[in-house]
1. Over the Cα atoms of the stretch 119-162, what radius of gyration and what Dmax do you get, in Å?
2. Given a Förster distance of 41 Å, report the FRET efficiency between SER48 and LYS459 from their Cβ-Cβ distance, rounded to the nearest 0.05.
3. What accessible area per residue comes out for the stretch 326-447, rounded to a whole number of Å², with a 1.4 Å probe?
4. Counting only the heavy atoms of the protein chains, how much of GLU540 is accessible to a 1.4 Å probe, in Å² to the nearest 10?
5. Between SER645 and LYS2, what's the calculated FRET efficiency when r is the beta-carbon distance and R0 is 56 Å? Round to 0.05.
6. Sorted from largest down, what three extents in whole angstroms do the Cα atoms of the stretch 487-550 have along their principal axes?
7. Once neighbouring chains are kept in place and the probe is 1.4 Å, which whole percent of the accessible area of the stretch 567-613 is contributed by carbon and sulfur?
8. So if the hydrodynamic radius of the stretch 587-627 is defined as the Kirkwood radius over C-alpha pairs, what does Stokes-Einstein give as its diffusion coefficient at 25 °C and 0.890 mPa s, in µm² per second?
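The values are calculated or read from the model by the stated rules, or taken from the named source; none is laboratory data. The shown structure was predicted, so the numbers you read here are calculated from the model rather than taken from an experiment. Backbone-built Cβ (ideal geometry, glycine too); neighbour counts: all protein chains shown. We work out accessible area using only protein heavy atoms, side chains counted, and drop any ligands, DNA or RNA first. Shrake-Rupley method; radii C 1.70, N 1.55, O 1.52, S 1.80 Å.
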Amino acid sequence: MKQYWDLKDQVSDALLFFRMGDFYELFGNDAVEASRILEITLTSRDKSRPNPIPMAGVPHHSAQGYIQKLLNAGKKVAIGEQMEDPSAVKGIVRREITRIFTPAIQFDQEGSENHYLATAVYDSHTQTSILACLEPSTGELRVSAPLTLEALETEFLDLPIKHALFLQGRTPGVLLEKLKPQMLVEELPPHFISPAQARETLKTLFGVRELEAFVTDQNAVLGLGLLVLYSTRTQKQEKLSHFRPPLPLREPHALKLGPRAAQHLDLLPSAEGYPNLYQLMNQTNTSLGARRLKRWILEPLRSVEPISERQKTVIELSQDPQKQVLLKKALSSIYDLERILGRINTRLANPRDTYALGGSLKQAQTMLSLLVSPKSKLLQTLTKSLEQAAAELCPLSERILKTQKEDAPLMTREGGIFQKGTSEELDRLLTLTEDGQKFLIDLEAKERQATGISSLKVKYNRVFGYFFEVTHAQLKNVPSHYQRKQSMAGAERFFTDELKRFEEEIITASTRQKALEQKLFDELVDEILKFTHPISKLAEVIADLDCLLSLSWLCKEPAWVMPNIDESMELDIVAGRHPVLDPLSQGAFVPNDLKLSPHSRMTLVITGPNMGGKSTIMRQTALIIILGQMGAPVPAQNASWGVFSSLYTRIGAHDAIARGQSTFMVEMSELAHILHHADARSLIILDEIGRGTSTYDGMSVA
């Protein structure tokens, strides 16, 4: 218990999983809290004492599921692992903290959801903050431009941030209190990392002498360095090579979505489960593509040329149905390369991960054979990148698939990972293990013939090992070289030198085989680590191709058309429909025309009764713009517009009474934000303005 409390002092804010034999045990308040969340039995240690210590535990072989449940509940979990073989140590086994997991720093999650670790660095001179985000399992790094406190708060609440880190004194205190109910918030001492240490951490990670090619703002360097250092320390690693150079938090060449626009327009899935644009569009076949599609929805393009290139690629893919089907099949066999790479870099990968990686790399070759003579520039570029990555990774794929078993176990300690032919020593041990049963059958037959004892049997138990069993009636026929091992009520047990030699070899063979396979697996992981960069590049290409293929399926939707997007100041949608509501209406949706131009009024005021469709036409216009500037077809008879630079929404009635703001005041504040940031190429959706005040005042403001 002294050892437990010493480790607990190192991770006072985490639930400590303390390895004791086949279990991870928790004690004290950790046990009480974990038993409540995990719904496991709460017992106690030293029940005879006046104040026994609360205790709860889970089996070590199934601990990951319990850990995941705690992380989903917003908790940190530290692993106190046995660092020595208990059978080889006298006294207490040495234990150390080997991992710390948090709601953001986890590597076993699947699917398209991101789990960001984030930090904000405040600059008192400019009164702005830099927001840095890291997705540890995929290695994605993002950094913002300077943000006001209001914009920073909006980003924290809009993004999938699960764990926020702050250096004491470098973040406005008011922000901390607002975030604590939403996510795990952790304050670190000011000396946790210095600006110089942050710079060196990033230079080491990216293997560069200077950082100017990636990031120049000193607060951005500090924020990114903090996230990287914190992650490497929790995983007890010097470097996590799958972490990629930082990208802008919001793509500067993308159509800008205003605060809460994504929620107002139901672009992505929400906790409420409303129908949404992502759900409608998502025909991706990989987790890589699903995550990329979400980013494309939130970051449509805002330049005519890249939109046009993406449109050409989508049309090209849609014009070859057979290729679409074959590409879909190939993509369906590709696993989440980014997260597999994350587990490999953190030494958390299992044999199924590495085999899945080998199979996925092989599918890249299949995809390459389908992308012959592409016409669009974008598809040519992606095909060339795919070709380069596939050529570089082909030897690795062949090695994995040639040496590993397809049905490899989840745990390396179980053995059975590699095929025969991988190693001569492994082949010998496998043969010994597999042929052991045959040897015993042959030995039993041989000894029966030699002794004339037809009832003689070869048996085994854990206490006495292997032995010959002879009934009392046949004892007179036992040869002199048989050595007595145990007397039983109805029989005697013997062994011979030959059986003893077999026993020594067979018992150690399995242990030696598993140890050798662990060594071979570690060597394979080391080899894969050398290919971190090309695997990351391949993952990027696969994500883009999967998204483009997903958009190409929309071309088959009835009455969907590819819009014409140019540099004009016109908007003309003929027979437009709401992309999400139209399929749900079962043919009852009434199409709408919409036209805006400098020659007519650029502002439309829509009036009508409740449930008359006012909000629908506003939202469908915004969704059509987003779809079109993603490079996708849109639900309309015909559509054309001059490219939009930003999209702002002011929808829904809500207040902020805690901050002294009524519904009316919130509306005015949001509208003021829009007026400050909008430009001539902004699309602005205002669904009612001037509520929450007197009739005439409200109408005047509106």
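1. Cα-based Rg and Dmax for the stretch 119-162 come out at 11.0, 35 Å.
2. So, using R0 = 41 Å, E works out to roughly 0.40.
3. That works out to 50 Å² per residue.
4. Probe radius 1.4 Å; accessible area of GLU540 about 60 Å².
5. Once the sixth-power term is evaluated, E becomes 0.30.
6. Principal extents (Cα only, largest first): 76, 27, 14 Å.
7. Accessible surface attributable to carbon and sulfur in the stretch 567-613 totals 58 percent.
8. Translational D for this selection: 207 µm²/s.
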